[in-house]
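Contents: one structure, followed by commentary.
The values are calculated or read from the model by the stated rules, or taken from the named source; none is laboratory data. Here the structure is a predicted model, which is why all the values come from computation and not from measurement. In this analysis, Cβ positions are derived from the backbone assuming ideal geometry, glycine residues included, and neighbour counts consider all displayed protein chains.
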């Protein structure tokens with residue numbers, strides 16, 4: 001009733017309560033963190049496999065994280081005081097950030113450059129010298145990233161290409177410098193334009209086994225856009241794609257690929 005006639009956000013939370021074992025151990029903060037690093041990443045991977053929307057991932061990760069915390073009689077801080085739930089939640093969020101950051105190592109060098117550039121500059125311009133240093137640290141050059149169709153470089157400045165600047169006739173099969181970054185943003189562009197269409201599903205199918213890497217990148221960029229850069233429009237685009245991923249995958253399984261279309265090969 002309080003929300004009647006107003007803009008309100010509704011959350012549904014399911015709690016499963018079990019009686020704690022009387023012999024539950026007391027552990028230290030360091031032991032709790034080690035337990036989370038062991039158990040939380042596979043739980044988060046399962047949530048991603050279930051296509052949990054990036055916007056819902058922080059709340060969803062609370063469940064398995066608090067499952068570790070509540071297993072013990074107490075988690076003791078360095079001064080022997082019991083850890084608060086607030087602190088436990090902060091540690092769970094930190095572990096989620098580490099997990100999403102660790103995904104970056106799976107991508108090609110050009111995509112890793114673009115992620116770092118996006119985190120620092122968004123879609124704005126930055127100095128060529130800074131871009132050159134970032135590229136060299138990844139064993140590539142700014143020209144390599146430009147050749148991949150990811151950035152524009154001119155007059156000493158570098159910027160990421162916006163989705164509306166991408167070639168509408170692009171095909172992954174004919175791209176001689178294919179990257180996960182390109183695949184994601186062509187897919188997001190098409191999804192924004194046509195939604196859950198056969199064209200969008202067919203493009204996803206053409207990515208083949210690397211479709212999972214494309215989805216991982218969407219999670220990674222949502223986290224940067226929403227939580228680090230506070231760019232709602234960019235975050236919404238990635239979130240919307242993941243929200244439709246399950247249905248898109250089902251469509252992709254049934255759409256045919258003609259003689260021109262085939263699954264692309266990635267050089268990661």
Looking for whichever is over 30 Å from residue 157 (Cα atoms) and either modelled with pLDDT under 90 or in the same structural domain as residue 141 (by TED's automatic domain parsing) (or both) here; the options are 35, 49, 88, 114. Which one fits?
-> 49
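Let's see how each residue does on (1) over 19 Å from the mean Cα position of the chain (by Cα); (2) touching a residue at least 40 places away in the same chain (Cβ under 8 Å); (3) over 30 Å from residue 236 (Cα atoms):
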{"position": "60", "(1), (2), (3)": "no, no, no"}
{"position": "74", "(1), (2), (3)": "yes, yes, yes"}
{"position": "106", "(1), (2), (3)": "no, yes, no"}
{"position": "116", "(1), (2), (3)": "no, no, no"}
{"position": "124", "(1), (2), (3)": "yes, no, no"}
{"position": "136", "(1), (2), (3)": "yes, no, yes"}
{"position": "149", "(1), (2), (3)": "yes, no, no"}
Picking from 232, 201, the residue that is in contact (Cβ under 8 Å) with a residue 24 or more places away in the chain, within 21 Å of the chain's Cα centre (by Cα) and not assigned by TED's automatic domain parsing to the domain that holds residue 56 would be 201
Go through (1) within 23 Å of the chain's Cα centre (by Cα); (2) not in a loop (DSSP other than H, G, I, E, B) and name the single condition residue 35 misses.
-> (1)
Can you name every residue in region 229-268 that is modelled with pLDDT under 90 and touching a helix residue (DSSP H, G or I) at 6+ places or on another chain (Cβ under 7 Å)?
-> 257, 261, 262, 263, 264, 266
Filtered residues of region 38-75 (kept if in contact with a helix residue (DSSP H, G or I) (Cβ under 7 Å, 6 or more places away or on another chain) and either part of a strand (DSSP E or B) or exposed (fewer than 15 other Cβ atoms within 10 Å of the Cβ) (or both)) | 75
Of those in region 136-177 that are in contact with a strand residue (DSSP E or B) (Cβ under 8 Å, 6 or more places away or on another chain) and assigned to a loop (DSSP other than H, G, I, E, B), the residue modelled with the lowest pLDDT is 156
